[in-house]
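Since the structure comes first, as structure tokens, the remarks are kept for the end.
Bear in mind these aren't lab numbers, they're just calculated from the coordinates by the rules spelled out. All values reported here derive from a predicted model rather than from experimental measurement. Here the Cβ positions follow ideal geometry from the backbone for every residue, glycine too, while neighbour counts run over all protein chains shown.
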């Protein structure tokens, strides 16, 4: 009768640590943080409670999957997070007992390291857990040997987290048991004798990986990124493990440095790469399993992983407002100023279009910025436009020329903005500095200012970049100040001042260096500062440029007024002017125009082409 290929037994922690374990170099980093470590300790301590350890119930903490190596060690396929944490806890208990003048027993030390005889008959001193992936360094050895560890900015995530696990365990023991060495020993005895796990052992790595997948089916045990990694290793040859591990590490590092959630990236990557427009995070793994052939990882797992790294690299650049190759892109920089750190749904479209020719990609970015702002300002539910972006990603991915892309803009983006047109007008009419975040208000004002200057002066290094207006030494100015003095209020006249003060029509950008002594004063005094401003839209408040009638400057300000005085009526006029200007800036089409128009005209009859890094599109 042959030996079973899969053995499954329950082990106490003491029995489990009678073996020697190796975490191979293709495994993921140690990712548990203080919260998970403290939760494990709290659960075990709560189960023990004040009960006599001999009478306390057993406590189950999960399973591990291993396969034997030729050197007698067990390779951990699943469970390295749990086993690494248990190892640091055993070390922390040893060190806490030592601090309480209770030297650890030989049995305690044997749970950390012991001598072993290998197949050659040679005696070796081994640690019960050997981390072989590069990012762990020798941190576990240092903890086992009670050596100090210096955490620096160069320390890897695994080193930081493992040190954090040890520190968390030590702090927990101090806070929970204080100077009570006897109670601490009881906790230790309960931990190693009554806390159990199931150890599943297979005859080879391939079967161990399959067991791993079965235990964690549909992401119940781990998230989709971990399970995807397992899928790739299952499809790869053992000779490819080292290279595949290196590639996966690059993927993890890119996302970690970018500060992005791996599951969000993976979900957006699927939207951008395959014909699917609805997928929850908890459905990702099932979708990958079902679509192994079309996803491509089954036939060439390493190439699939390399594709993920390429996409993640572009994704990380997009998060910074850069193009896929890391170069500057003004429209993506604008979206960063608009969206802040939380708005990321547009990344689906950018991922789908990252292979477009530069001019086409610029056009995509410009259109995305306009549509994204339309969604933001009209408060469209996030789930609605995320679904749209996922649906359109398939069309963008298939676009091979500008005509194909233009048809998408015309019959999808333009149509969407048509449905938002009335809401856009209402949002701009009601826009105040209290109804929108300050950074978004700065974006709105800067875009309005930039638009006028592009029309008046053409494209220069100043007018080209919105950041020159957002971060160029300007601040939001209330024409009728929020703390207007009595003279200013009398000059302004009647009106609901607490409400009018905050409206868009009462706002402009002004140099921070402008004379602060008149900021709360009347408009008659402020006009002098506005005229001296470098910004044409601010100058225009008090003074119309005296240039020839046919000049670009006059054409740029033809639909804007200068104001000799400032009151509620003038504010309302300017509010309406800015609303019309906003339709032009964000290319909101007139509902009376049918699809197929060459320029997306506004309801005011203006046309506005988009200038890209390669010229006019």
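Relative to the longest principal axis of the chain, what angle (0 to 90°, nearest 10) does the C-alpha long axis of helix 330-339 take?
80
May I have the pair-distance distribution P(r) for segment 6-215, computed from all Cα-Cα distances with 10 Å bins from 0 and rounded to whole percent?
Once binned at 10 Å, the Cα pair distances of segment 6-215 give 8, 34, 38, 18, 2.
Determine, for 402, 374, 50, the number of other Cβ atoms within 10 Å of each Cβ, and report the residues in order from fewest to most.
Numbers: 402 15, 374 23, 50 6.
The order, fewest Cβ neighbours first, is 50, 402, 374.
Can you pull the semi-axes for segment 438-585, root of five times each eigenvalue of the Cα gyration tensor, sorted largest first, whole Å?
Taking √(5λ) for each eigenvalue gives 24, 17, 15 Å, largest first.
Could you work out how far helix 358-377 tilts from the main Cα principal axis of the chain, as a 0 to 90 degree angle to the nearest 10?
80
How would 257, 470, 65, 141 line up from fewest to most surrounding beta-carbon atoms within 10 angstrom?
On the way: 257 10, 470 20, 65 27, 141 15.
Listed from fewest to most nearby Cβ atoms, that is 257, 141, 470, 65.
Rounded to the nearest 0.05, what FRET efficiency is calculated for residue 551 and residue 18 with R0 set to 56 Å and r the Cβ-Cβ distance? The partial results should precede the final answer.
Working: r = 88 Å, r/R0 = 1.58.
Step by step, r from the Cβ atoms, then E = 0.05.
How far is helix 34-48 tilted off the main Cα axis of the chain, in degrees rounded to 10, range 0 to 90?
In the chain, helix 34-48 runs at an angle near 40 degrees to the longest axis.
Which ordering of 526, 14, 512 is given by a fewest-first count of other beta-carbon atoms within 10 Å? Display every interim value, and only then the final one.
Numbers: 526 24, 14 17, 512 10.
Going from sparsest to densest Cβ surroundings: 512, 14, 526.
For Rg and Dmax of the Cα atoms in Å, one of (i) 36.6, 137; (ii) 24.7, 75; (iii) 32.1, 103 was computed from the structure I shared and the rest are decoys. Which label?
Only one option fits the structure, namely (iii).
Take the alpha carbon atoms of segment 139-161, find their center, do the same for segment 1-80, and report the distance between the two centers in whole angstrom.
22
For segment 6-215, calculate the relative contact order in percent as a whole number, restricting contacts to Cα pairs under 8 Å that are 6 or more residues apart. Could the numbers behind the result be given before it?
Details: 323 pairs, mean separation 88.5, N = 210.
Relative CO of segment 6-215 lands at 42 percent.
Using only alpha-carbon positions, what ratio does the radius of gyration of segment 229-430 give when scaled by 2.2 N^0.38 Å? Working shown, then result.
Numbers: Rg = 17.7 Å, N = 202, 2.2 N^0.38 = 16.5 Å.
The value comes to 1.07.
Relative contact order of the chain, please, whole-number percent, based on alpha carbon pairs below 8 angstrom and at least 6 residues apart. Could the numbers behind the result be given before it?
On the way: 865 pairs, mean separation 69.6, N = 617.
For the chain, the relative contact order is 11 percent.
Taking 8 Å as the Cα distance limit and 6 or more residues as the minimum spacing, I'd like the relative contact order of segment 229-430 as a percentage.
Details: 199 pairs, mean separation 45.2, N = 202.
22 percent.
Given the DSSP H assignment, sum -39500 (n - 2.57) over each helix run of at least 4 residues in the chain and divide by its residue total; what's the result at 222 nm in deg cm²/dmol, nearest 500? Show your work: numbers first, answer last.
Values: 28 runs with 320 residues, N = 617.
So the helix-based figure for the chain works out to -16000 deg cm²/dmol.
For residue 11 and residue 303, what does the FRET efficiency come to when R0 = 60 Å and r is the distance between their Cβ atoms, rounded to the nearest 0.05?
Working: r = 39 Å, r/R0 = 0.66.
Efficiency for this residue pair is about 0.95.
Cα gyration tensor of segment 147-201, axes a ≥ b ≥ c as square roots of the eigenvalues: rounded (a/c below 1.5), prolate (a/b > b/c) or oblate?
The shape class here is oblate.
Return the inverse of the average 1/r over all pairs of distinct C-alpha atoms in segment 1-123, which is the Kirkwood hydrodynamic radius, in Å to one decimal.
For segment 1-123, the Kirkwood estimate is 16.8 Å.
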